[in-house]
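Comments concern the structure below.
The values are calculated or read from the model by the stated rules, or taken from the named source; none is laboratory data. As the structure is a prediction and not an experimental result, all values here were calculated from the model. Cβ atoms come from the backbone with ideal geometry, glycine included; neighbour counts cover every protein chain shown. Accessible surface is based on the protein model in full, side chains and every heavy atom, while ligands, DNA and RNA are left aside. Shrake-Rupley method; radii C 1.70, N 1.55, O 1.52, S 1.80 Å.
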Amino acid sequence: MPIKILSRELANQIAAGEVVERPSSVVKELVENSLDAGATKMEIDIHRGGIERIRIYDNGVGISKDELPLALARHATNKIFSLEDLQSILSMGFRGEALASISSVSRLKLTSRTLEQKEAWQAYTEGREMHVAIKPASHPVGTTIEVLNLFYNTPARRKFLRTEKTEWQHIDEVVRRLALSRFDVAIDLSHNGKLLRQYGVAQSELQKERRLLRLCGASFLQHALTLSLESTGLSVKGWIADPHSPKINDIQYFYINRRIVRDRVVNHAVRQAYETISTGSNTPSYVLYLDMDPRQVDVNVHPAKQEVRFHQTRLVHDFIYQAITTALNHSTSSFFAPPAD
Ligand code: ADP
Ligand code: MG
């Protein structure tokens, strides 16, 4: 066969395979965009497990009329301009791929208004040639993205979807992770027309405690030890379950610069610290927020950005180990260390 350049549509669909695995991955990408746009309020409206419709409204800065087609183009982003920018990235996105990928496997409507514009505009695109049509619309400052009929043109992908209920649970979990990392953002989450989760902005200690209670349950809250350590440019805060507590919900959330990650170095440090105190074989439950110089951690390891590489692995490992052993040794079940704002 001769060598040929892939059509734009096919290239996007192939790329979509990496970031858009199921409805919850769409939700993850869209809420991250809303965060990057500075939103303090999000309304997430899911229909039939997100397979039929995902709609997210945010009150962020919006996208101007001229930039609507660009937002949907591949490798188009307003978050980095150079490799140096990438090395010190603090925004959630930077690859400029999510919207292009999502729109290549769905029917997508993007409605937005910026502060400078008197009126809102809506872009509509659907699979095939990815032609973008733009028309006037009505919308407050901010953005609403509507993703309809996910995978309608990629039947092989569609087949891998589970039941509506399972897909909904994945979405619920993605939103829970978000709610745990951003106490400063109000989030409403509905499924099939019912408002099922409502996380208000949590400013006071009491409000934060309430949100944590809702997200992690009373047993975790009761038995969680507060943790807080800062040194050598690293800061970690959060909660870890008292090893002497009865069995509580399995909760493992680790954030680096507000991004949820899964990392072997971190897991190892947590487990090792826990084992110095605990005799049982329970996996520790924790919610931890690590903040560090973004230049010391590479987030561009995987398209979904949930894996990282530390430049100084040992330093990070030992720091977390120390933070946890200190907290466990001073097990004053005192509350409440808010996450870094
Ligand atoms: P990335 O997030 O990596 O930049 P995306 O494909 O997710 O790439 O988004 C492309 C661009 O569209 C973003 O860089 C941003 O400029 C714009 N955009 C997407 N969603 C929103 C939103 N909710 N509010 C404002 N701008 C947005
Ligand atoms: Mg993005």
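A few remarks follow.
- Just one of the listed residues (Q222, Q272, Q198) is open to solvent by 30 Å² or more (accessible area, probe 1.4 Å) and under 28 Å from N33 (Cα atoms), and it is Q198.
So that you can scan it fast, the table gives a plain yes or no per residue for (1) touching a Pro at 6+ places or on another chain (Cβ under 9 Å); (2) closer than 25 Å to I256 by Cβ; (3) part of a helix (DSSP H, G or I):
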{"position": "S91", "(1), (2), (3)": "no, yes, no"}
{"position": "R158", "(1), (2), (3)": "no, no, yes"}
{"position": "L161", "(1), (2), (3)": "yes, no, no"}
{"position": "E167", "(1), (2), (3)": "yes, no, yes"}
{"position": "F183", "(1), (2), (3)": "yes, yes, no"}
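- Residue check: L30 meets all listed conditions (1) within 12 Å of ligand 2 (Cβ to nearest atom); (2) under 16 Å from the mean Cα position of the chain (by Cα); (3) open to solvent by 10 Å² or more (accessible area, probe 1.4 Å) but one, namely (3).
- Single unsatisfied condition, V20 versus (1) crowded, with 23+ Cβ neighbours inside 10 Å; (2) more than 7 Å from ligand 1 (Cβ to nearest atom); (3) at pLDDT 95 or above: (3)
- Residue satisfying condition, being surrounded by fewer than 22 Cβ atoms within 10 Å (Cβ to Cβ), within 18 Å of R176 (Cβ to Cβ) and either touching a residue at least 12 places away in the same chain (Cβ under 8 Å) or more than 14 Å from ligand 2 (Cβ to nearest atom) (or both), within set E43, E52: E43
- Filter result for the condition that a residue is in a loop (DSSP other than H, G, I, E, B), away from ligand 2 (no atom under 12 Å from the Cβ) and either of a type in the set (A, V, I, L, M, F, W, C) or under 16 Å from I145 (Cβ atoms) (or both), over L115, L108: L115
- Residue in the stretch 86-101 that is within 29 Å of L161 (Cβ to Cβ) and more than 14 Å from ligand 2 (Cβ to nearest atom) present: no
- Among the residues making up the stretch 9-41, those that are over 17 Å from R55 (Cα atoms) and assigned to a helix (DSSP H, G or I) are E9, L10, A11, N12, Q13, I14, A15, A16, G17, E18, V19, D36.
- Output for the stretch 118-154, where each listed residue is open to solvent by 40 Å² or more (accessible area, probe 1.4 Å), closer than 15 Å to I102 by Cα, at pLDDT 90 or above and not in a loop (DSSP other than H, G, I, E, B): Y124
- Reported count of residues in the stretch 223-245, each being closer than 12 Å to S285 by Cβ and not in a strand (DSSP E or B), is 4.
- Against the test of being touching a helix residue (DSSP H, G or I) at 6+ places or on another chain (Cβ under 9 Å), touching a residue at least 12 places away in the same chain (Cβ under 8 Å), within 18 Å of G238 (Cα to Cα) and among the charged types (D, E, K, R), the options D318, D291 yield a single qualifying residue, D318.
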